[in-house]
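The next block holds one structure in the form of structure tokens; read it before the comments.
Values quoted throughout were computed directly from the atomic coordinates according to the rules given, and no laboratory measurement underlies them. Just so we're clear, the structure is a prediction, and the values are computed from it rather than from any experiment. No Cβ is skipped: glycine too gets one built from the backbone with ideal geometry, and neighbour counts run over all protein chains shown.
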């Protein structure tokens, strides 16, 4: 999740550059975002804002699949941040996740939540961990659902709702998943992922014909959906032949 700072800084221009970089980041324009963040770092700014910029730079590098740089900036973020601050813990949590120290990441996220219980990104990340994204050892279905619901409550966006729908599906609450993906697909009928997930949820909720139709249509127009479609039906055929 992108973190937005409201802290005062010495140079107002740095704040403007930070906001410009964050805007690029929300539009998935990672290289322009990094350029703006680097320009901001060349000015006189507070440690808190520096730590926040490093956090967002780490996010940009993660999305560019440059994990070494992502880890580097997460580390810089927690090293420069005021100790026992929210931005300290959220940066260190990200660093620990990138370096596969999941237990420490969970503790950092809990400390971040203690300091600011209304930050959606904490619940979003905990949901990923408890859904098994970082290994079965941390799989906690009830906790993942709780965190997903909390994320939606704090920030009812398409991203948080998609996560909740996926958790409902994972927890075999297919009717609830159908409701979420029906809403998302109705808002964005050209989004093939939403159409596929709606079809998948319908299929397992009992509407096999309608569900397969949506999945097939999405697969015909999107390579990611095509791969998921084949995976579902290849698994089904293997089970049938066994």
Condition check for residue 151: under 22 Å from residue 93 (Cβ atoms) and in contact with a helix residue (DSSP H, G or I) (Cβ under 6 Å, 6 or more places away or on another chain): yes
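Restricting to helices (runs of 4 or more DSSP H) lying wholly in the range 74-142: which have 1 or more residues that are under 19 Å from the mean Cα position of the chain (by Cα), loosely packed, with under 15 Cβ neighbours inside 10 Å and free of Cβ contacts under 8 Å to residues at least 40 places away in the same chain?
Numbers: elements: 86-98, 102-115, 120-130.
The qualifying helices (runs of 4 or more DSSP H) are 102-115.
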Hey, residue 27 exposed (fewer than 14 other Cβ atoms within 10 Å of the Cβ) and either closer than 22 Å to residue 105 by Cα or under 21 Å from the mean Cα position of the chain (by Cα) (or both) or not: yes
